[in-house]
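The values are calculated or read from the model by the stated rules, or taken from the named source; none is laboratory data. Being a predicted model, the structure only gives us computed values, none of them experimental. Virtual Cβ from ideal backbone geometry, glycine too; neighbours counted across all protein chains shown. Keep in mind that these areas ignore ligands, DNA and RNA; they rest on the heavy atoms of the full protein, side chains included. Shrake-Rupley method; radii C 1.70, N 1.55, O 1.52, S 1.80 Å.
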Amino acid sequence: MSHASNISIPARFSFRPYRAHWNYGWGEIIGWAAEFKPLDRMMAPSSGQISEVPRIRALGNLLGGGDDRLMVRISSPATAPRESYDLMGLYGMFVRDSIDVEIDRTAIPSHVLLSSENRSNSPDIGGREFDVLTSPIPAEEGYFQRLGAEHVGKNAWAMRDDFFNLSQDDDSLRRFLNRWGQWNFSFDFIPGARLTGPGLRVVFPHLLWEERERLRDALISSPRAWLTNASPLTFRQVDTRPYFLVERSYCEDAIKATITIDHLASLKFGICKLNTCRKFFERETRQKKVYCSQKCAHTANMRKLRAQEKKLQSKKGAKRNAKS
């Protein structure tokens, strides 16, 4: 008896997210990480007087805090005017919550810190601010201990479509995260970050938008490029049909798993060619479809006709002027 070398295993996909309440916050650059003592970088209080720490470059470099790393203060929540966050004394403790974090400069928005700037030509960069999203971490939750995921599963494909088609603004991203849950396992979305105070998750919106472009490109590009490097789906056995379960609880992980599943199913996707739409959509036929709907196709066609008519009228006007 011959057996097929390729097999199909039925499995169920489960997306039960960890919820978090996201709000507005901001980051403020304190200075280059190499300017601070390593011990003070590790133990700086969240109320933060780190700008007054003696500047010792040599010791700072011992723990990797060089010219490519920065000390940043993340403040939250933004439920009151930003000016109120600078209140000190008795009332300041109720309106301000912050953490100090050491991060790589690549995590800072390019309009805040230019690529040409370094510790030699821009030694004083303190006070520069940029927007972030923050979420408080419950006291009973630790780095290796998450509060339970939701009991009711959600549709990971609906979440992915929602993310791919979001308007690129902080409020849309905040509402998306509040609706669907935590983005990834980390307390934050800062590459190589070392937190010096507990209490907050942090998302840098510009990094999430960059990640969105990479994920969208992965889905509309060749399956081979993704599938040869994708993380395994990791099945778990259960005692009911179909007996195998793929579970995800973070939005990023769930989106990556759906990309893998859709590539394995040979599904095709595209981004609407209409520049005022750019909606992400599934191609339901083998024919190459460049617009997400008949409405967008009609709009694009009408714009093309109007442009051609305008060009024709312009040529006729030029001929009349030449004759006269």
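Structural remarks
- Out-of-range pairs (alpha-carbon distance over 30 Å; input K268/K310; K289/K315; K154/K304; K279/K310; K295/K316; K273/K311): K268/K310; K289/K315; K154/K304; K295/K316
- The accessible area of S76, taken with all protein chains in place and a 1.4 Å probe, comes to roughly 10 Å².
- Annotation: extensible slack from R320 through K273 equals 13.3 nm (criterion: 0.36 nm per residue apart, minus Cα-Cα distance).
- Taken along the Cα-to-beta-carbon direction at a fixed 7 Å, the label points for S222 and A297 span 2.9 nm.
- Heavy atoms of M71: accessible area, 1.4 Å probe, square angstrom to 10: 0 Å²
- With DNA, RNA and ligands ignored, accessible area of S222 (1.4 Å probe; Å², nearest 10): 60 Å²
- Over the stretch 215-275, relative contact order from alpha-carbon pairs under 8 Å, at least 6 apart, %: 38 percent
- Taking label positions 7 Å along the Cα-Cβ direction at both Y243 and S5, the computed distance is 2.5 nm, reported to one decimal.
- Difference of contour (0.36 nm per residue) and Cα-Cα distance, R283 to D124: 52.1 nm
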